[in-house]
Amino acid sequence: MRLNGRDILWMVLLLIPPAAFYVPSNIVKYSPFLIASVVVFVVSLLMYHRARKKSEVGLEAFLSVQFVGLVLGQVESLLGVLLFILLAAVLTAWLPDSVSDGRPLETVGAILYTVSIALLTYWLVEPERS
């Protein structure tokens, strides 16, 4: 499988927040993960809006049909494996840890990042108009 420009952009955008964990917190005032998650969330909203204008399939239908299969591990490509790993990391480690440690900024960042994953995946797949 050959990766195209959309695939690479999708991977880069989704890997920015995890890479932000390695930015020293003394460089910026707020959590680097939160800042990266907000930026990726805004970009994902714009890309979702663009893809939604071209498709009749809503986000709800996309989530219930295609995204659930990816979450359950029914992956058929490198991108699906990356998506599964990112969702597993967010939903089983980052989000529960930030809630249990009482860090509200990291919790908000993890929630925004999870929504960004769904929106960017919708943009990548971009269901065709029937």
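The values are calculated or read from the model by the stated rules, or taken from the named source; none is laboratory data. Here the structure is a predicted model, which means the values were calculated and not measured. As a convention, Cβ positions derive from the backbone with ideal geometry for all residues, glycine included, and neighbour counts pool all protein chains shown. Side chains are part of the model used for accessible areas, which takes the heavy atoms of the whole protein and leaves out ligands, DNA and RNA. Shrake-Rupley method; radii C 1.70, N 1.55, O 1.52, S 1.80 Å.
Report the gain in length on full extension from residue 49 to residue 4: 0.36 nm times residue separation, minus Cα-Cα distance, nm rounded to one decimal.
Stretched fully, the residue 49-residue 4 segment lengthens by 14.1 nm.
Before I look further, what does the chain give for accessible area per residue, probe 1.4 Å, in whole square angstrom?
59 Å²
Please give me, ordered by residue number, the trypsin sites (Lys or Arg not before Pro) of region 1-54 that lie in loop per DSSP and have at most 16 other Cβ atoms within 10 Å.
Answer in residue order: 2, 29, 54.
Please report the carbon-and-sulfur percent of the accessible area for region 5-126; probe 1.4 Å, protein heavy atoms only, DNA, RNA and ligands left out.
70 percent
Give, as a single signed number, the net charge of other residues whose beta carbon lies under 12 Å from the beta carbon of residue 46, with Lys and Arg counted +1 and Asp and Glu -1.
+3
In the full protein assembly as shown, how much of residue 64 is accessible to a 1.4 Å probe, in Å² to the nearest 10?
Taking all protein chains as shown, residue 64 has close to 80 Å².
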